[in-house]
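One structure below.
Coordinate-derived values only; no laboratory data. Note that the structure is predicted; figures quoted are calculated from it, not measured. Glycine gets a Cβ as well: all are built from the backbone with ideal geometry, and neighbour counts include every protein chain shown.
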Amino acid sequence: MTQHTLEELEGTAREYDRRLRPTLFAPWVKHTLDYAHLRPGDDVLDVACGTGAAALGAVPMVSPGGNVTGLDLNPGMLAVARSKDSSVEWLQGAAETLPFDDNHFDAVVCQFGLMLFPDPLGALVEMQRVLKPGRHLVITVFADLEALPVYKALVQVYADTADPAIAELLRVPFAMGGREQLNRTFAAAAIPDTELVTRQEPAQFSSVRDLVLADIKGWFPFAGVDLSDATTEAVIASAEESLAEFVAADGSLTFPVTAHLVVSTKRDASRGLGKLAI
């Protein structure tokens, strides 16, 4: 494990933005924002904004008169996001201690971040706190590995070829993918009136090598993991064998990615609002 400078973090963030954002994260922006029911003039918070996929997607939806805030703990991610659009307020901070007043935002979204937080429950409580009554919180998370056979196979490749600890690192993005687990977590956060929607979107990579390098270059370094060239090539060779059934004649691979969107409408305690249609 190694520590990285801001310049190195920004370099990894650019790899993430090039290799992972278009393939895994961008296809979900429309779903996430549609369930937020944004309107012109809204103030929107994107928690764990990364390089800005959802935040940037919200900008035209709340114009004119709206504001978008993107918050992330990673300064490298924020540097890349800030280079794309300076009209968004990009803030460094933790989801568990949001620096905003109660009932501040018209919508709060968190796309593929909840499972990365040290305290997901605390983060949910905070996101609900800063949301205005009657408005929507939208959390998007990957399904568990049983619903994602390509990544399940990759986890095994890393366990067999590299290091079990790296295999466990690859499990992290899928760690909150069980429907019952999500329902329990939201209930524990005292967030009622939730709707859980499961959808699929295709992910496409030009090759197995491209798929493997997306994590090695754009994800693992954030956790302080840098694989040697020899280990990287060994992982790629093993992955090409394990994922052969998913590879097309031109060497590319396209596979479905399953994710859950948990949508809640914040009750207005003073008026006793119940569930609103979404």
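Restricting attention to the chain, close to 55% of DSSP beta bridges with both partner residues there are antiparallel. Between Ser207 and Gln92, the distance separating the two model label sites (each 7 Å from Cα on the Cα→Cβ line) works out to 3.7 nm. Amide H of Asp43: which non-local residues (sequence gap of 5 or more, or other chain) have their own amide H closer than 5 Å, using H built in the peptide plane? Close amide H contacts, sequence-distant or interchain: Asn67, Asp106, Ala107.
In this simple spin-label approximation, Glu7 and Asp226 carry label points 7 Å from Cα along the Cα→Cβ vector, and these lie 1.3 nm apart.
A simple rule links phi to the HN-Hα coupling: the Karplus curve 6.51 cos²θ - 1.76 cosθ + 1.60 with θ = phi - 60°, which for segment 112-129 gives 6, x, 4, 6, 8, 6, x, 10, x, 4, x, 5, 4, 4, 5, 5, 5, 4 Hz, with x for Gly and Pro. With Cα atoms as the point set, the radius of gyration and Dmax of segment 200-241 evaluate to 11.2, 35 Å. Phi angles of segment 221-238 translate, via the Karplus equation with coefficients 6.51, -1.76, 1.60 and θ = phi - 60°, into HN-Hα couplings of x, 5, 8, x, 10, 10, 7, 5, 4, 5, 5, 4, 5, 5, 5, 4, 4, 5 Hz per residue; Gly and Pro are given as x.
Which value at 222 nm does the chain reach when only helices count, each DSSP H run of 4 or more adding -39,500 (n - 2.57), with the total divided by all residues and rounded to the nearest 500 deg cm²/dmol? Don't skip to the end; give the middle numbers.
On the way: 10 runs with 108 residues, N = 278.
Only helices count here, giving -11500 deg cm²/dmol.
Can you tell me the relative contact order of the chain? Whole percent, Cα pairs under 8 Å, sequence separation 6 or more. All intermediate terms of the calculation are to be shown ahead of the outcome.
On the way: 539 pairs, mean separation 61.3, N = 278.
Result for the chain is 22 percent.
The lysines within cross-link reach of Lys30, meaning a Cα-to-Cα straight distance under 21 Å and a gap of 8 or more places when in the same chain, are Lys84.
Would you calculate the volume per residue, in Å³, of the smallest convex hull containing every Cα atom of the chain? Each step should come with its number before you reach the end.
Working: hull volume 34.9 nm³, N = 278.
Convex hull volume per residue, Cα atoms: 125 Å³.
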